[in-house]
Ligand code: HEM
């Protein structure tokens, strides 16, 4: 009988691996399957229940009630920060540890739910995915914000406010020039951003990365993450540049702000995905070769 290097019989190791693989697969299918079912139910409840009144979106016992956010303190060099404006803003206001270190996944879920009025399903999905990506236990594990920058885990190329990891290793703060390009490109009322603006800017970012980054990658899951992130800005912030400006540039929650989604059960994945799909399907760069055929030699990506 063949053995492994530690002289454990190969058959035993292989058997245990197959069993543990099957258990892990079943548990993943069950966990995510349940989240999808629960999310559908919460979406239905949102359709029936009255929306929260302005000023009452953040729960009474949570920081930020009636737009009164804890003080913003810019990060120090020793603080850990991520490529995510949503998490960095929580740390900059001390809603999670200002150091950005040793944050439990469970605590992140609660902070996200209360601060941004995400549905329990959506609030759980983000830290749950991060815990699995980092091979840590969801219930007992912790993370530093910088940990989620692992390239091609959740972090991906052609982001809206960060240069690609191949060019800028430090993903912990927004690149103001990029963020400003997005913030000044809105074609909605008062220059606010629309789903079409997010599609166009995403298209430009992907085209730029394809040209400028020899290591450019963009998998389906990262396309979905990217469009979901844009959809958060279109729903939770309603695309309003006045609020997105401090949030994307300084990673600060605007004074007096509260989430624009006032659904009683919070922003569900189902609702978010409707906007994310609209944004992703409008990304011209993904069909540039086919479009060339329709448009002759005209450039595909054009800014207004
Ligand atoms: C534990 C929860 C979360 C994790 C692990 C996480 C992780 C990440 C990561 C790794 C990125 C970088 C993606 C890229 O390369 O573009 C990112 C981007 C982003 N996140 Fe989060 N995030 C979380 C929660 C949130 C929340 C609560 C919000 C908003 C309320 C948010 C909004 C965004 C946005 C808008 C971006 C896009 C930034 C850009 O394109 O430059 N995230 N997030």
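Nothing in this text is a laboratory measurement; each read-out follows from the coordinates by a stated rule. The structure displayed is predicted, hence computed values, not measured ones. Here the Cβ is made from the backbone with ideal geometry for all residues, glycine too, and neighbour counts use every protein chain on show.
What the table shows:
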| item | result |
| --- | --- |
| Calculated [θ] (222 nm, deg cm²/dmol) that DSSP helices of n ≥ 4 give over the chain, each run adding -39,500 (n - 2.57) | -15500 deg cm²/dmol |
| Alpha carbon Rg of the range 7-97, scaled by the compact-globule rule 2.2 N^0.38 Å | 1.83 |
| Equivalent ellipsoid semi-axes, the range 118-208, via Cα gyration tensor eigenvalues times 5, rooted, Å | 29, 18, 11 |
| Debye log10 I(q)/I(0) at q = 0.19 Å⁻¹ for the range 57-114, Cα point scatterers | -0.65 |
| Hull shadow area, averaged, the range 48-165 [alpha-carbon convex hull, nm²] | 8.7 |
| Alpha carbon Rg of the chain, scaled by the compact-globule rule 2.2 N^0.38 Å | 1.09 |
| Relative compactness, the range 209-272, computed as alpha-carbon Rg over 2.2 N^0.38 Å | 1.39 |
| Fewest-first ranking of 255, 181, using other Cβ atoms within 10 Å as the exposure measure | 255, 181 |
| Rg over Rh, two decimals, the range 165-242 (C-alpha only, Kirkwood Rh) | 0.97 |
| P(r) weight above 20 Å for the range 174-304, C-alpha pairs, percent | 49 |
